[in-house]
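Before any comments, here is the structure.
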């Protein structure tokens with residue numbers, strides 16, 4: 001099993017992006033085009049992120 005963790009800024013980026021492309025709007029379209037929130041300066045689109053991975057494994061013998 002692998003768990004990947006992201007911070008709130010990255011979550012907010014993906015959440016607002018999903019709403020913009022229509023997954024979060026009735027009828028499949030956002031009300032007006034807009035850019036998702038970002039943690040990059042100069043009005044650039046995208047985000048900067050680092051994330052952690054936690055792994056656990058088990059062995060099952062017959």
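All of the numbers you see were taken from the coordinates with simple rules; none came from a lab. The shown structure was predicted, so the numbers you read here are calculated from the model rather than taken from an experiment. Please note: Cβ atoms are built from the backbone with ideal geometry, for glycine as well, and neighbour counts cover all protein chains shown.
Could you calculate the contour length gain from residue 41 to residue 18, that is, 0.36 nm times the residue separation minus the distance between their Cα atoms, to one decimal place in nm? Intermediate results must be reported in sequence, preceding the final value.
Details: separation 23, 0.36 × 23 = 8.28 nm, distance 2.11 nm.
Net length gain for the segment: 6.2 nm.
Show me 36-47, 9-20, 51-62 ranked by packing, highest mean number of other Cβ atoms within 10 Å first.
On the way: 36-47: 11.8, 9-20: 15.4, 51-62: 6.2.
In descending order of packing, they fall as 9-20, 36-47, 51-62.
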